[in-house]
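Each reported figure results from applying straightforward, stated rules to the coordinates on display, with no laboratory input. This structure is a prediction, so every number in the text was calculated from the model and none was measured. Cβ placement follows ideal geometry from the backbone for every residue including glycine, while neighbour counts extend to all protein chains displayed.
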């Protein structure tokens, strides 16, 4: 092999070596030139991005400045109106005097308070009148005419020049008894200073302080509105196709242009406020950095070419090594991708964490289960995911498989947790939690258990009730006959009252048995097509007056607008029962939220939530049991009937509640009940 290599080297003559080096040098030089053009393009793109970012920041700051002015004025208006309404109460009670107004203005830091009668004559003032002989174009009868004429009860006069003194005032007025006008003034000097400090001109002056910014101009079709830098004249929008297109198309644009014999990169951005165009923001950036980098690259091009030539030989030697590394990397990526796909697409939530790095793996099912995005979970400790104290103990407990109940978000969930540990390459002990959500399974099991229990109870009760009703009917008949035909020797009235009482009690027991038999042997369903929007609108309307009477607001949020096939009467009974229970559990100022979403193509999820008193966990577990009630006059059959009707439709009902925080009933119903 060594002989073959020697023969090969001998065949390569010096001129060929020179040609190879020459070709390589040319390649390197061409590469350097290409790199020069790419660098120029990248720097230009970077300057465009910087210009875009700067213009966006200026526009955002400008909008914020304008919005700040609006917010400050709104706060001033609210304060002045509050003070004016207080004065109106005293005025309507006849307790107002000049001394009272003077004291009120001093205590509440108001500049002046005036009260005018319906003819515009000042009748009370917190400030002594000193300008009787001066007239202005701001007469009270003109400014306050909407109040005097009865067109308005509240008038925002706003910022205005002082009638008799220097400066500006901010004023509001409210109507009082006999259409009198109460005018409250505030010195507007601070407001004007605030506008000046955060105005657009101030922003532009700050921008020009940045190195590389030549000028900043706000311009509309009529001319320059505000400018900073050495700006004397700019080309007009109407005469420039570039500027006209930028304003018309509402697009960010850049161009290389001339400014005072210097080339600049000009960025143009339309300026909108509340949907209305105000003009164009033009920012000129110096091209000096681009010229500097061009000169530097030209000086370094030869050195770079030589260095690249040497590096080329080194890279040639390393090529085989890199190929091997690439091959190994691809194999590793294949294995890693395969493992990640398995982890991400399993039906169980998988968490991998250690004490040093926190959570390291958080798959898609974990995101869905905990309602947390993977970027928010990685690097955090386990307690940031498990908010319930019961679940946080999983980190310290020693087990391999355990079933726990945790509160995640606003729902209780039943979880089957598998725990394993391993040491990684750094000898760090890591823990793997594989979590399966059994909530739906437990919910179905509970409903099946309730269904079986109610079915057995119904069969038993049906037979017992039949046996009871026959003697009850006989007792009722006998007592009626005795009451009619038998007259005792004494205490006739007491006898008839007792007989009537026995008859009423027999009737009450018989009615109770009849109601129970209806529950034990429910009527067959009569499904029909129902428009869901109209169905819930009717429910909302039906309870509107009762909710308003109790001070409760019913919110309806329907995200599915098709038709369902349900038994209208039975399902109406379900929702009326739940809404009625919610209203009884809440006080004034509460709300009931009814939401409808499509869980799948065949299933709807309806949630009825309230912010009432809630219930304990013990009560929540018994809430669907027959004859279980926490109400003094409750029968304990309402929610059992609700559960029965939902079950008849093939649906599932569950309840989530927390004491003092409210209750949510969730009903998963098929869209079409067979």
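What ranking do 555-566, 589-600 get when scored by the average of other Cβ atoms within 10 Å per residue, highest first?
589-600, 555-566
Taking R0 as 30 Å, what's the FRET efficiency between residue 375 and residue 236 from their Cβ-Cβ distance, rounded to 0.05?
Values: r = 49 Å, r/R0 = 1.63.
The value I calculate is 0.05.
Please rank 576, 571, fewest neighbouring Cβ atoms within 10 Å first, as an exposure proxy. Show your work: numbers first, answer last.
Values: 576 15, 571 26.
The order, fewest Cβ neighbours first, is 576, 571.
Need the full-extension length gain, residue 416 to residue 549, defined as separation in residues times 0.36 nm minus the C-alpha distance. One decimal, nm.
Details: separation 133, 0.36 × 133 = 47.88 nm, distance 4.66 nm.
Separation in residues times 0.36 nm, less the Cα-Cα distance, equals 43.2 nm.
How would you order 151-160, 659-668, 432-441 from highest to lowest mean count of nearby Cβ atoms within 10 Å? Walk me through the intermediate numbers first.
Details: 151-160: 14.7, 659-668: 18.6, 432-441: 17.0.
Ranked by mean Cβ neighbours within 10 Å, highest first: 659-668, 432-441, 151-160.
Between residue 509 and residue 245, what is the label-point separation in nm under the 7 Å Cα-to-beta-carbon projection?
Label at residue 245, label at residue 509, 9.7 nm between them.
How would you rank 502, 264, going from fewest to most other Cβ atoms within 10 Å of each one's own Cβ? Working shown, then result.
Details: 502 17, 264 21.
The fewest-first ordering by Cβ neighbours comes to 502, 264.
Mind ranking 210-219, 178-187 by how tightly packed they are, going by the mean number of other C-beta atoms within 10 angstrom, highest first? Kindly include the intermediate steps, with their values, before the conclusion.
Details: 210-219: 18.8, 178-187: 21.5.
Ranked from most to least packed, the peptides come out as 178-187, 210-219.
What list do you get for 607, 356 if you sort them by fewest beta carbons within 10 Å? Show your work: numbers first, answer last.
Values: 607 16, 356 10.
Arranged by neighbour count, lowest to highest, 607, 356 become 356, 607.
Give me the extension gain from residue 42 to residue 60: residue separation times 0.36 nm, minus the current Cα-Cα distance, reported in nm with one decimal. Intermediate results must be reported in sequence, preceding the final value.
On the way: separation 18, 0.36 × 18 = 6.48 nm, distance 2.64 nm.
Here the answer is 3.8 nm.
Between residue 327 and residue 405, what length comes free when the chain is fully extended (0.36 nm per residue of separation minus the Cα-Cα distance, one decimal in nm)?
23.3 nm
Is any residue of region 599-623 close enough, with backbone N under 14 Å, to a label point placed 7 angstrom from the Cα of residue 659 along the Cα-Cβ axis, and if so, which?
Counting only backbone N, you get 613-621.
In vacuo Debye scattering of region 528-670, one point per C-alpha: log10 I(q)/I(0) at q = 0.14, 0.15, 0.19 Å⁻¹?
-0.65, -0.75, -1.23
What FRET efficiency would be calculated for the residue pair residue 558, residue 368, taking the C-beta separation as r and a Förster radius of 25 Å, to the nearest 0.05? Please list the in-between numbers first.
On the way: r = 24 Å, r/R0 = 0.97.
Calculated value: 0.55.
Pop a pseudo-label 7 angstrom from the Cα along the beta-carbon direction at both residue 67 and residue 119 and give the gap in nm to one decimal.
For the pair residue 67/residue 119, the computed spacing is 5.0 nm.
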